[in-house]
Amino acid sequence: MSCKFCHRDNKNLVIEEYSYWTLELCYNQTYLGRCLVILKRHAEDLFDITKDEAKELFDISKSARDTLVKIFKPDLFNYGSLGNFIKHVHLHIIPRYSEPRLFDEIKFVDAKWGDFYYPYDKNFKIPDATLVNIVSKIKEDINKSKKYIA
């Protein structure tokens, strides 16, 4: 069985490529700004990454978090690295919102606020143009503040 993250065709949601990781917007934006940090090489356990990969993962995640705070002003974050569905090391960065947020005239409501983020509405869809706009906003700020990534 091939790994979904090793053989991705759609690179439209890539925010930034780094030495060891790719920062990508999740297609499902139930949680506005939800991102993935995906290891570029195949590994199935978080504790199999190298020290350099671990440092870069931390730096990218902090930079992404800071950017999401500036842009969307989430109230807190959840982070997940479970590997139940895709057995490839990756980290979910999940902004959480106590109040709805408006972006591109779309209202984003964190219906699970105060609870575990999963299960979420897997049928929630937004226009591709809005996905591109979210990627652009995040990419613009990340590129302005590359101070975290060596």
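Report yes if some residue within the stretch 80-99 is farther than 22 Å from residue 22 by Cβ and among the charged types (D, E, K, R); otherwise report no. Steps first, answer last, please.
Start the filter on the stretch 80-99 by keeping residues that are farther than 22 Å from residue 22 by Cβ, which leaves 96-99.
When the remaining residues are screened for being among the charged types (D, E, K, R), the result is 96, 99.
Yes: one or more hits.
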- Query: Among (1) over 16 Å from the mean Cα position of the chain (by Cα); (2) among the charged types (D, E, K, R); (3) over 16 Å from residue 25 (Cα atoms), where does residue 73 come up short?
  - Reply: (1)
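One line per residue, one yes/no per condition, for (1) crowded, with 16+ Cβ neighbours inside 10 Å; (2) under 21 Å from residue 144 (Cβ atoms):
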position	(1), (2)
21	yes, yes
26	yes, no
29	yes, no
52	no, no
56	yes, yes
71	yes, yes
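Could you check the stretch 20-59 and list, in sequence order, the residues that are of a type in the set (Gly, Ala, Ser) and under 17 Å from the mean Cα position of the chain (by Cα)? Lay out the reasoning, then the answer.
Just the residues of the stretch 20-59 that are of a type in the set (Gly, Ala, Ser), to begin with: 33, 43, 54.
Result: 33, 54.
Out of 77, 116, 124, I need the residue that is farther than 22 Å from residue 18 by Cα and in contact with a helix residue (DSSP H, G or I) (Cβ under 8 Å, 6 or more places away or on another chain). Which one?
Working: 116 fails: in contact with a helix residue (DSSP H, G or I) (Cβ under 8 Å, 6 or more places away or on another chain); 124 fails: in contact with a helix residue (DSSP H, G or I) (Cβ under 8 Å, 6 or more places away or on another chain).
Being farther than 22 Å from residue 18 by Cα and in contact with a helix residue (DSSP H, G or I) (Cβ under 8 Å, 6 or more places away or on another chain) holds for just one of 77, 116, 124, which is 77.
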- Query: Could you list, in sequence order, the residues of the stretch 122-134 that are surrounded by 11 or more Cβ atoms within 10 Å (Cβ to Cβ) and either in contact with an Asp or Glu (Cβ under 7 Å, 6 or more places away or on another chain) or farther than 20 Å from residue 79 by Cβ (or both)?
  - Reply: 124, 125, 126, 128, 130, 131, 132, 133
- Message: Condition first: open to solvent by less than 50 Å² (accessible area, probe 1.4 Å) and without any contact (Cβ under 8 Å) to a residue 60 or more places away in the chain. Now tell me which residues in the stretch 99-111 satisfy that.
- Response: 106
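The values are calculated or read from the model by the stated rules, or taken from the named source; none is laboratory data. What you see is a predicted model; the values in this text were computed from it and never measured. Ideal geometry is used to build each Cβ from the backbone, glycine not excepted, and the neighbour counts take in all protein chains shown. Ligands, DNA and RNA are stripped out before the accessible areas are found, and what is left, the full protein with its side chains, is counted by its heavy atoms. Shrake-Rupley method; radii C 1.70, N 1.55, O 1.52, S 1.80 Å.
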